[in-house]
Amino acid sequence: MSKLSRRRVLKGMMGGVAVTVGLPLLDCFLNDNGTAWANGEPMPVRFGTWGWGLGMNKGIFVPQKLGAGFDLPEEIAMLAPVRDHINLITNTQAYRDNYQNLCHYTGWVISRTGSAPKDQKDIPNETIDVTIANQIGRSTRFKSLTATATGDVRSTYSYDNVNTPNPPEWSPLQFYTRLFGPEFPDPNAPTFTPDPHVMARRSVLTGVMDQTKGLMKQVGAADRERLDQYFTGLRHLELQFDQRLEKPKPIASCRRPTAIEKDPPMGLDAEAVAVRHRMMTDLLVMAVACDQTRVFNMAYSNASASTIKPGFEKPHHTDTHEEPVDQKLGYQPNASWFTRRAMESWAYYVEAFTKVKEGSGTLLDNMMIIGTTDHGYARVHSLDGMPQFTAGKAGGKLKTGLHIDANNTPGTRLGYTALRLMGVDTPSWGVNSNNTSKELTEILA
């Protein structure tokens, strides 16, 4: 058995002051399979999401073959490099129950919250990423991170509740500064000095928590429940502060990216969106590799996507409703052009996580990413035939490379599967017709 520990440090002196230098992630710190630390502690499993708007065209999107080695129709042909890293779930259903079909809203809200919204301002429950972040994201610098490629701070699929959206990072420059600016706790730095601002906040928080504990004895049951929820939130913040006051463990794959000097051109033409998407993705990947977060979200587009095709007068959303179906092709060619651009970005997103080595595999092997949209066929605002994706093996708990026909069952089965894999102990997920206790067993390892 190795006598080395991943907490082992090299000690020395510099200018008469003791310094410590942490060792990087060495193979001898891992088990024989490279899936856990040598002491049996599992490597962290992360959760991510990706969202795109306006669904797809079944005839050129849905593979004919089920299971492994599925074919790639022309609308998803660009997924060839990542096919074996993903699962495609088709023919899922979002049930609106007694509410109307709120165009470009009902579908994604159900996918992310498990419940149909009653109006365009309703988010019935916290989104799935928030639930999972409360389970696995309490000890990292950021409980979760949310980004968008649209350049619009309103483009988010993440909500704590109806009044509290989690605004996305929309500027690559600002995102870089937040993640890797002066406050970045580089795990591979030779020395570590606790941030005095964090120490001060931690001290203030301790006083607030002590006062909260005292109040618990002076109020009624209903107020105690509210205070308990408040105290739980403070406890999460305390854990994050504590993490930032300790020297991070060295991580060999963590590298501060090249500094971003300025933002790329704004605008919604497809190439500008793709450029921002690539930049935001690369930053997210390294934020996860550096263990700054274990939960993350990316919006390629909002639900009623306004992406623009150069030389074409209509944005994506308008085109899905106004472009006639080409009788020879059998689909709307310009609408399909937009979907193909979205799938190119999905392929980039997935592949980016495979490029970071972790243990005997890659960063993607130790995560589960879900990809969702707002409709099946946007032209008629359908809530049936909706596609979903997963990427990653969740630390060996998921199979990949499969096409699954969900047979018109609730799309919430994917959310329920994710919750269970991420350690959220719940017997079911969803409300009314969207409630399910049935996992997508086909993708479970």
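The values are calculated or read from the model by the stated rules, or taken from the named source; none is laboratory data. What you see is a predicted model; the values in this text were computed from it and never measured. Every residue, glycine among them, receives a Cβ derived from its backbone with ideal geometry; neighbour counts consider all protein chains shown.
Annotations
- Residues located in segment 326-372, provided they are polar (S, T, N, Q) and either more than 20 Å from ALA149 (Cα to Cα) or in a helix (DSSP H, G or I) (or both): GLN327, GLN332, ASN334, SER336, THR339, SER345, THR354, SER360, THR362, ASN366
- The condition (being of a type outside the set (A, V, I, L, M, F, W, C) and assigned to a loop (DSSP other than H, G, I, E, B)) is satisfied by just one residue among ASP122, ASP129: ASP122.
- The set of residues from segment 73-112 being small (Gly, Ala, Ser) and either without any contact (Cβ under 8 Å) to a residue 60 or more places away in the chain or in a helix (DSSP H, G or I) (or both) comprises ALA77, ALA80, GLY107, SER111.
- Of the residues making up segment 254-297, those that are under 13 Å from the mean Cα position of the chain (by Cα) and more than 30 Å from LYS309 (Cβ to Cβ) number 5.
- For ALA147: the one exception among (1) of a type in the set (Gly, Ala, Ser); (2) within 20 Å of LYS247 (Cβ to Cβ); (3) assigned to a strand (DSSP E or B): (2)
Matching residues to (1) modelled with pLDDT under 95; (2) out of contact with any helix residue (DSSP H, G or I) (no Cβ under 7 Å at 6 or more places or on another chain); (3) among the charged types (D, E, K, R):
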residue: ASP97; (1), (2), (3): no, no, yes
residue: CYS103; (1), (2), (3): no, yes, no
residue: THR106; (1), (2), (3): no, yes, no
residue: ASP119; (1), (2), (3): no, yes, yes
residue: ASP122; (1), (2), (3): no, yes, yes
residue: THR131; (1), (2), (3): no, no, no
residue: ASN163; (1), (2), (3): yes, yes, no
residue: TRP170; (1), (2), (3): no, yes, no
residue: ARG178; (1), (2), (3): no, yes, yes
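- Any hit, segment 372-383, residues being more than 16 Å from ALA303 (Cβ to Cβ) and not polar (S, T, N, Q): no
- Scanning segment 395-412 for residues that are surrounded by fewer than 24 Cβ atoms within 10 Å (Cβ to Cβ) and under 18 Å from the mean Cα position of the chain (by Cα) gives GLY395, LYS397, LEU398, THR400.
- Only residues that are within 17 Å of ILE369 (Cβ to Cβ) and either free of Cβ contacts under 8 Å to residues at least 12 places away in the same chain or part of a helix (DSSP H, G or I) (or both) were counted in segment 390-433, giving 12.
- Odd one out for ALA252, checked against (1) touching a residue at least 24 places away in the same chain (Cβ under 8 Å); (2) hydrophobic (A, V, I, L, M, F, W, C); (3) surrounded by fewer than 21 Cβ atoms within 10 Å (Cβ to Cβ); (4) over 18 Å from PRO185 (Cβ atoms): (4)
- Among the candidates ILE110, ILE76, ILE89, residue that is in contact with a Leu (Cβ under 7 Å, 6 or more places away or on another chain), buried (at least 19 other Cβ atoms within 10 Å of the Cβ) and closer than 26 Å to THR320 by Cβ: ILE89
- Unmet requirement for HIS375, which otherwise passes all of (1) surrounded by 21 or more Cβ atoms within 10 Å (Cβ to Cβ); (2) part of a helix (DSSP H, G or I); (3) in contact with a Phe, Trp or Tyr (Cβ under 9 Å, 6 or more places away or on another chain): (2)
- Taken over segment 70-89, residues that are within 21 Å of ASN57 (Cα to Cα) and over 20 Å from the mean Cα position of the chain (by Cα) amount to 10.
- Among the residues of segment 113-165, those that are among the small types (Gly, Ala, Ser) and in contact with a Leu (Cβ under 7 Å, 6 or more places away or on another chain) comprise SER139, ALA147.
- Count - residues of segment 255-277 that are in a loop (DSSP other than H, G, I, E, B) and touching a residue at least 12 places away in the same chain (Cβ under 8 Å): 12
- Selected residue (only one of THR92, THR148 is of a type in the set (S, T, N, Q) and over 26 Å from ASP282 (Cβ atoms)): THR92
- For segment 413-445, the set of residues classified as of a type in the set (Val, Ile, Thr) and surrounded by fewer than 15 Cβ atoms within 10 Å (Cβ to Cβ) consists of THR426, THR441, listed by residue number.
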